[in-house]
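The values are calculated or read from the model by the stated rules, or taken from the named source; none is laboratory data. Predicted model only: the values in this text are computed from it and were never measured. Neighbour counts run over all protein chains shown; Cβ positions are idealised from the backbone, glycine included. The protein model used for the area step is the full one, side chains on, heavy atoms only, and it has no ligands, DNA or RNA in it. Shrake-Rupley method; radii C 1.70, N 1.55, O 1.52, S 1.80 Å.
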Amino acid sequence: MTSNRLVYLVGVLLAIIVILAWGLVYFAHDELAALNADDPNVEAGVDAQSRAEDGATLVRVSAKTQKGSAIVTQPLEMYALQSHAEIFGSVVNIQSLVEQRARFVAAQNEIRVVQASLTRSSAEYQRMQTLFRDKQMVSLRAVQAAESAWKSDQAKRASSESEVANIRAAVRQQWGEALSRMALALGREIDGLLSGQQVLAQLSWGTAQGDPPATIKVSQVGSADKPVAAQFVSAALQADSEVAGRTFWYRAPGAGLRVGMRVAATLEDEKGARNGVVVPFSAPVWHGGKAWIYLKRNDDTFERREVATTESTNNGWFNGAPFKSGDTVVVSGAQLLLSEEFRYQIKDENDD
(Lines give C-alpha, C1' and ligand atoms only; values in the text may rest on other atoms or scores of the structure.)
Protein backbone atom coordinates (compact mmCIF):
# COMPACT_ATOMS: atom_id res chain seq x y z
CA MET A 1 0.00 0.00 0.00
CA THR A 2 2.79 2.36 0.88
CA SER A 3 4.54 1.56 -2.41
CA ASN A 4 1.41 2.42 -4.44
CA ARG A 5 1.05 5.75 -2.67
CA LEU A 6 4.69 6.54 -3.37
CA VAL A 7 4.26 5.80 -7.08
CA TYR A 8 1.11 7.96 -7.16
CA LEU A 9 2.94 10.84 -5.44
CA VAL A 10 5.88 10.65 -7.90
CA GLY A 11 3.43 10.70 -10.82
CA VAL A 12 1.70 13.81 -9.50
CA LEU A 13 5.03 15.60 -9.04
CA LEU A 14 6.12 14.75 -12.59
CA ALA A 15 2.82 16.07 -13.96
CA ILE A 16 3.30 19.36 -12.09
CA ILE A 17 6.86 19.70 -13.46
CA VAL A 18 5.66 19.13 -17.05
CA ILE A 19 2.87 21.73 -16.66
CA LEU A 20 5.30 24.31 -15.23
CA ALA A 21 7.84 23.70 -18.01
CA TRP A 22 5.15 24.05 -20.69
CA GLY A 23 3.92 27.27 -19.13
CA LEU A 24 7.46 28.68 -19.02
CA VAL A 25 7.99 27.97 -22.73
CA TYR A 26 4.52 29.32 -23.63
CA PHE A 27 4.88 32.65 -21.90
CA ALA A 28 8.62 33.15 -22.67
CA HIS A 29 7.90 32.73 -26.39
CA ASP A 30 6.32 36.16 -26.59
CA GLU A 31 8.53 37.95 -24.08
CA LEU A 32 9.95 40.44 -26.57
CA ALA A 33 6.58 40.91 -28.32
CA ALA A 34 4.91 41.67 -25.01
CA LEU A 35 7.49 44.30 -24.21
CA ASN A 36 6.97 45.90 -27.62
CA ALA A 37 3.20 45.77 -27.12
CA ASP A 38 3.53 47.78 -23.91
CA ASP A 39 5.48 50.47 -25.76
CA PRO A 40 3.16 53.16 -27.22
CA ASN A 41 5.70 53.83 -29.97
CA VAL A 42 5.38 50.28 -31.39
CA GLU A 43 2.20 49.31 -33.18
CA ALA A 44 0.78 45.99 -31.98
CA GLY A 45 1.06 43.16 -34.49
CA VAL A 46 3.47 45.05 -36.78
CA ASP A 47 6.30 42.90 -38.19
CA ALA A 48 9.56 43.89 -36.49
CA GLN A 49 11.55 42.61 -39.49
CA SER A 50 12.22 44.68 -42.60
CA ARG A 51 14.72 45.13 -45.40
CA ALA A 52 17.20 47.95 -45.81
CA GLU A 53 18.01 49.48 -49.17
CA ASP A 54 21.18 47.40 -49.41
CA GLY A 55 19.22 44.18 -48.76
CA ALA A 56 20.35 43.74 -45.16
CA THR A 57 17.88 42.26 -42.67
CA LEU A 58 16.87 44.75 -39.99
CA VAL A 59 15.20 44.24 -36.63
CA ARG A 60 13.48 47.17 -34.94
CA VAL A 61 13.24 47.12 -31.17
CA SER A 62 12.26 50.12 -29.06
CA ALA A 63 14.59 51.58 -26.47
CA LYS A 64 12.20 50.49 -23.71
CA THR A 65 12.18 46.93 -25.02
CA GLN A 66 15.96 46.92 -25.29
CA LYS A 67 16.25 47.95 -21.66
CA GLY A 68 13.72 45.40 -20.50
CA SER A 69 15.37 42.63 -22.51
CA ALA A 70 18.89 43.44 -21.21
CA ILE A 71 20.22 44.10 -24.72
CA VAL A 72 23.75 45.46 -24.28
CA THR A 73 25.96 46.96 -26.97
CA GLN A 74 29.54 48.16 -27.23
CA PRO A 75 31.68 49.69 -30.00
CA LEU A 76 34.19 47.61 -31.93
CA GLU A 77 37.83 48.53 -31.44
CA MET A 78 40.55 48.59 -34.07
CA TYR A 79 43.07 45.77 -33.91
CA ALA A 80 46.27 44.99 -35.85
CA LEU A 81 46.58 41.22 -36.30
CA GLN A 82 50.12 40.01 -36.73
CA SER A 83 50.67 37.61 -39.59
CA HIS A 84 52.16 34.38 -38.37
CA ALA A 85 53.33 31.02 -39.57
CA GLU A 86 53.23 27.71 -37.76
CA ILE A 87 56.63 26.12 -37.19
CA PHE A 88 56.74 22.40 -36.44
CA GLY A 89 59.40 20.04 -35.18
CA SER A 90 60.14 17.46 -32.52
CA VAL A 91 62.10 16.90 -29.32
CA VAL A 92 65.10 14.76 -30.25
CA ASN A 93 66.96 12.07 -28.36
CA ILE A 94 70.50 13.20 -27.52
CA GLN A 95 71.65 9.77 -26.31
CA SER A 96 74.15 9.44 -29.16
CA LEU A 97 75.56 12.88 -28.30
CA VAL A 98 75.98 11.79 -24.69
CA GLU A 99 77.74 8.60 -25.78
CA GLN A 100 80.03 10.48 -28.19
CA ARG A 101 80.89 12.94 -25.45
CA ALA A 102 81.78 10.03 -23.12
CA ARG A 103 84.00 8.49 -25.83
CA PHE A 104 85.64 11.86 -26.36
CA VAL A 105 86.35 12.27 -22.65
CA ALA A 106 87.81 8.74 -22.52
CA ALA A 107 90.01 9.44 -25.55
CA GLN A 108 91.21 12.69 -24.01
CA ASN A 109 92.11 10.88 -20.80
CA GLU A 110 93.91 8.22 -22.81
CA ILE A 111 96.00 10.92 -24.49
CA ARG A 112 97.05 12.26 -21.11
CA VAL A 113 98.06 8.78 -19.91
CA VAL A 114 99.94 8.03 -23.10
CA GLN A 115 101.62 11.42 -23.03
CA ALA A 116 102.92 10.77 -19.52
CA SER A 117 104.30 7.40 -20.63
CA LEU A 118 105.76 8.99 -23.76
CA THR A 119 107.54 11.59 -21.67
CA ARG A 120 109.16 8.85 -19.57
CA SER A 121 110.07 6.63 -22.51
CA SER A 122 111.52 9.59 -24.42
CA ALA A 123 113.70 10.54 -21.47
CA GLU A 124 114.82 6.95 -21.00
CA TYR A 125 115.72 6.59 -24.66
CA GLN A 126 117.77 9.78 -24.57
CA ARG A 127 119.55 8.58 -21.42
CA MET A 128 120.38 5.24 -22.99
CA GLN A 129 121.75 6.92 -26.09
CA THR A 130 123.98 9.14 -24.00
CA LEU A 131 125.31 6.23 -21.94
CA PHE A 132 125.93 4.16 -25.06
CA ARG A 133 127.88 6.98 -26.74
CA ASP A 134 129.94 7.48 -23.56
CA LYS A 135 130.70 3.76 -23.41
CA GLN A 136 129.30 3.45 -19.93
CA MET A 137 128.55 -0.23 -20.17
CA VAL A 138 125.13 0.12 -21.87
CA SER A 139 124.46 -2.42 -24.54
CA LEU A 140 123.04 -1.67 -27.93
CA ARG A 141 120.13 -3.97 -27.13
CA ALA A 142 119.19 -1.77 -24.16
CA VAL A 143 119.25 1.29 -26.36
CA GLN A 144 117.06 -0.44 -28.92
CA ALA A 145 114.59 -1.52 -26.22
CA ALA A 146 114.31 2.04 -24.97
CA GLU A 147 113.81 3.27 -28.55
CA SER A 148 111.09 0.67 -29.11
CA ALA A 149 109.21 1.73 -25.97
CA TRP A 150 109.48 5.39 -27.02
CA LYS A 151 108.16 4.71 -30.53
CA SER A 152 105.35 2.54 -29.11
CA ASP A 153 104.21 5.41 -26.91
CA GLN A 154 104.38 7.76 -29.91
CA ALA A 155 102.12 5.41 -31.87
CA LYS A 156 99.69 5.19 -28.97
CA ARG A 157 99.49 8.97 -28.73
CA ALA A 158 98.90 9.28 -32.48
CA SER A 159 96.12 6.68 -32.24
CA SER A 160 94.45 8.49 -29.36
CA GLU A 161 94.70 11.82 -31.14
CA SER A 162 93.17 10.25 -34.25
CA GLU A 163 90.32 8.88 -32.11
CA VAL A 164 89.66 12.34 -30.68
CA ALA A 165 89.66 13.87 -34.17
CA ASN A 166 87.29 11.20 -35.48
CA ILE A 167 84.86 11.70 -32.60
CA ARG A 168 84.96 15.46 -33.07
CA ALA A 169 84.24 15.09 -36.81
CA ALA A 170 81.35 12.65 -36.20
CA VAL A 171 79.74 14.94 -33.63
CA ARG A 172 80.15 17.96 -35.90
CA GLN A 173 78.64 16.11 -38.86
CA GLN A 174 75.59 14.93 -36.90
CA TRP A 175 74.96 17.85 -34.55
CA GLY A 176 76.63 20.86 -36.14
CA GLU A 177 79.49 23.09 -35.07
CA ALA A 178 77.76 24.84 -32.15
CA LEU A 179 76.48 21.69 -30.44
CA SER A 180 79.78 19.95 -31.15
CA ARG A 181 81.64 22.75 -29.45
CA MET A 182 79.25 22.74 -26.50
CA ALA A 183 79.44 18.97 -26.02
CA LEU A 184 83.18 18.52 -26.47
CA ALA A 185 84.48 21.66 -24.78
CA LEU A 186 83.94 19.87 -21.46
CA GLY A 187 82.50 23.06 -19.97
CA ARG A 188 79.18 23.63 -18.18
CA GLU A 189 77.29 25.09 -21.13
CA ILE A 190 75.72 21.75 -21.99
CA ASP A 191 74.98 20.66 -18.41
CA GLY A 192 71.26 21.52 -18.74
CA LEU A 193 70.82 19.11 -21.67
CA LEU A 194 72.86 16.36 -20.03
CA SER A 195 70.91 16.59 -16.77
CA GLY A 196 67.48 16.63 -18.46
CA GLN A 197 66.62 20.10 -17.19
CA GLN A 198 66.57 21.14 -20.84
CA VAL A 199 65.56 19.34 -24.03
CA LEU A 200 66.77 19.77 -27.59
CA ALA A 201 64.17 20.45 -30.27
CA GLN A 202 64.65 20.47 -34.02
CA LEU A 203 62.33 22.97 -35.73
CA SER A 204 61.73 23.23 -39.48
CA TRP A 205 61.66 26.56 -41.36
CA GLY A 206 60.40 27.40 -44.80
CA THR A 207 62.61 29.55 -47.03
CA ALA A 208 59.97 32.30 -47.02
CA GLN A 209 59.95 32.56 -43.23
CA GLY A 210 63.23 34.41 -42.86
CA ASP A 211 65.90 33.74 -40.29
CA PRO A 212 65.10 32.02 -37.00
CA PRO A 213 64.73 34.31 -33.96
CA ALA A 214 66.91 34.05 -30.89
CA THR A 215 63.87 33.05 -28.78
CA ILE A 216 60.63 31.36 -29.79
CA LYS A 217 57.68 29.96 -27.83
CA VAL A 218 57.10 26.22 -28.32
CA SER A 219 54.51 23.77 -27.01
CA GLN A 220 53.44 20.20 -27.63
CA VAL A 221 51.22 19.82 -30.69
CA GLY A 222 47.59 19.58 -29.59
CA SER A 223 48.37 20.47 -25.97
CA ALA A 224 46.66 23.23 -24.01
CA ASP A 225 49.79 23.78 -21.91
CA LYS A 226 51.30 27.25 -21.89
CA PRO A 227 54.14 27.58 -24.45
CA VAL A 228 57.68 27.79 -23.10
CA ALA A 229 60.56 29.92 -24.36
CA ALA A 230 63.14 28.05 -26.44
CA GLN A 231 66.61 29.46 -27.15
CA PHE A 232 68.29 29.26 -30.54
CA VAL A 233 71.40 27.04 -30.66
CA SER A 234 72.43 26.65 -34.28
CA ALA A 235 71.45 25.42 -37.70
CA ALA A 236 70.89 21.68 -37.89
CA LEU A 237 72.64 19.66 -40.60
CA GLN A 238 69.94 16.99 -40.89
CA ALA A 239 66.46 17.47 -42.34
CA ASP A 240 63.23 16.59 -40.56
CA SER A 241 61.76 13.46 -42.14
CA GLU A 242 58.19 14.69 -41.53
CA VAL A 243 58.44 18.44 -42.22
CA ALA A 244 60.10 20.01 -45.27
CA GLY A 245 62.35 23.03 -44.92
CA ARG A 246 65.49 24.24 -43.20
CA THR A 247 66.07 22.91 -39.70
CA PHE A 248 67.42 24.56 -36.57
CA TRP A 249 68.29 23.47 -33.05
CA TYR A 250 66.54 25.08 -30.06
CA ARG A 251 66.86 24.16 -26.42
CA ALA A 252 63.90 24.54 -24.10
CA PRO A 253 63.01 23.81 -20.46
CA GLY A 254 62.52 20.08 -19.97
CA ALA A 255 59.39 20.38 -17.81
CA GLY A 256 56.41 19.21 -19.86
CA LEU A 257 58.43 18.26 -22.95
CA ARG A 258 59.64 14.72 -23.61
CA VAL A 259 61.78 13.01 -26.22
CA GLY A 260 59.78 12.20 -29.34
CA MET A 261 57.07 14.82 -28.79
CA ARG A 262 55.93 16.79 -31.81
CA VAL A 263 56.14 20.48 -31.00
CA ALA A 264 54.88 23.65 -32.67
CA ALA A 265 55.72 27.33 -32.48
CA THR A 266 54.12 30.48 -33.85
CA LEU A 267 56.39 32.74 -35.85
CA GLU A 268 55.03 36.29 -36.05
CA ASP A 269 55.75 38.66 -38.92
CA GLU A 270 55.49 42.29 -37.81
CA LYS A 271 55.70 43.50 -41.42
CA GLY A 272 52.60 41.52 -42.37
CA ALA A 273 50.15 42.93 -39.81
CA ARG A 274 46.50 43.30 -40.92
CA ASN A 275 44.15 45.95 -39.61
CA GLY A 276 40.61 45.12 -38.55
CA VAL A 277 38.43 44.90 -35.44
CA VAL A 278 37.87 42.48 -32.61
CA VAL A 279 34.35 41.08 -32.23
CA PRO A 280 33.83 40.05 -28.57
CA PHE A 281 33.35 36.33 -27.98
CA SER A 282 29.90 37.00 -26.47
CA ALA A 283 28.58 38.76 -29.60
CA PRO A 284 28.04 35.99 -32.21
CA VAL A 285 24.94 33.81 -32.39
CA TRP A 286 24.75 30.70 -34.53
CA HIS A 287 22.14 30.06 -37.20
CA GLY A 288 22.26 27.84 -40.27
CA GLY A 289 25.77 26.68 -39.41
CA LYS A 290 27.13 30.23 -39.53
CA ALA A 291 28.04 32.87 -36.95
CA TRP A 292 26.14 36.18 -36.97
CA ILE A 293 26.28 39.42 -35.04
CA TYR A 294 23.85 42.32 -34.71
CA LEU A 295 25.11 45.82 -35.43
CA LYS A 296 23.17 48.78 -34.12
CA ARG A 297 22.25 51.14 -36.98
CA ASN A 298 20.34 53.67 -34.91
CA ASP A 299 18.45 53.91 -31.61
CA ASP A 300 15.91 51.17 -32.42
CA THR A 301 17.29 49.33 -35.47
CA PHE A 302 19.70 46.40 -35.61
CA GLU A 303 21.27 44.71 -38.63
CA ARG A 304 22.34 41.06 -38.73
CA ARG A 305 25.69 40.34 -40.40
CA GLU A 306 27.77 37.21 -40.84
CA VAL A 307 31.01 37.23 -38.87
CA ALA A 308 34.19 35.18 -39.23
CA THR A 309 35.32 32.99 -36.33
CA THR A 310 38.55 31.60 -37.78
CA GLU A 311 41.13 33.94 -36.22
CA SER A 312 40.98 34.66 -32.51
CA THR A 313 42.66 37.15 -30.21
CA ASN A 314 42.68 37.35 -26.43
CA ASN A 315 39.35 39.21 -26.41
CA GLY A 316 37.44 38.02 -29.44
CA TRP A 317 37.34 37.16 -33.15
CA PHE A 318 39.41 39.17 -35.63
CA ASN A 319 37.45 40.51 -38.62
CA GLY A 320 38.34 42.85 -41.42
CA ALA A 321 36.07 44.74 -43.83
CA PRO A 322 33.20 45.53 -43.90
CA PHE A 323 33.50 45.92 -40.13
CA LYS A 324 35.26 49.03 -38.91
CA SER A 325 36.28 50.66 -35.67
CA GLY A 326 33.33 52.36 -33.98
CA ASP A 327 30.64 49.97 -35.24
CA THR A 328 28.33 49.19 -32.34
CA VAL A 329 27.68 45.47 -31.79
CA VAL A 330 25.24 43.64 -29.50
CA VAL A 331 27.23 41.71 -26.90
CA SER A 332 24.27 40.55 -24.79
CA GLY A 333 20.79 39.74 -26.06
CA ALA A 334 21.67 38.80 -29.65
CA GLN A 335 19.84 35.49 -29.32
CA LEU A 336 16.66 37.38 -28.42
CA LEU A 337 17.03 39.55 -31.53
CA LEU A 338 17.51 36.46 -33.67
CA SER A 339 14.32 34.95 -32.26
CA GLU A 340 12.42 38.18 -32.93
CA GLU A 341 13.73 38.34 -36.48
CA PHE A 342 12.52 34.86 -37.36
CA ARG A 343 9.35 34.67 -35.29
CA TYR A 344 7.24 36.18 -38.08
CA GLN A 345 8.52 33.71 -40.66
CA ILE A 346 6.47 30.95 -39.06
CA LYS A 347 2.91 30.97 -37.90
CA ASP A 348 2.60 32.08 -34.29
CA GLU A 349 1.12 29.10 -32.48
CA ASN A 350 -0.12 31.34 -29.67
CA ASP A 351 -2.58 33.06 -32.06
CA ASP A 352 -4.38 29.84 -33.00
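Count Lys and Arg as plus one, Asp and Glu as minus one, and take only other residues whose Cβ is under 14 Å from that of residue 109; the net charge is then +2.
The portion of the accessible surface of the stretch 106-166 made up by carbon and sulfur, rounded to a whole percent, is 52 (1.4 Å probe; DNA, RNA and ligands excluded). Only Lys, Arg, Asp and Glu carry charge here, each on its Cβ (+1 for the first two, -1 for the last two); on that basis the stretch 222-311 has a dipole of about 140 debye about its Cα centre. Comparing 185, 154, 102 along the charge dipole axis of the stretch 87-211, the residue lying farthest to the positive side is 154, per the Cβ-charge model. On a per residue basis, the stretch 58-97 carries 52 Å² of accessible surface, using protein heavy atoms and a 1.4 Å probe.
Applying 1/(1 + (r/R0)^6) with R0 = 45 Å to the Cβ-Cβ distance of residue 195 and residue 282 gives a FRET efficiency near 0.45. Within the shell of other residues whose beta carbon sits under 11 angstrom from the beta carbon of residue 318, the net charge comes to 0, with Lys and Arg scored +1 and Asp and Glu -1.
Per residue, the solvent-accessible area of the stretch 102-245 (1.4 Å probe, heavy atoms of protein chains only, all protein chains present) comes to 61 Å². Between the amide H of residue 301 and those of 61, distances stay under 5 Å, these residues lying 5 or more places away or on another chain, with hydrogens modeled in the peptide plane.
Cβ-Cβ distance of residue 120 and residue 231, R₀ of 51 Å, FRET efficiency by 1/(1 + (r/R0)^6): the value works out to about 0.60.
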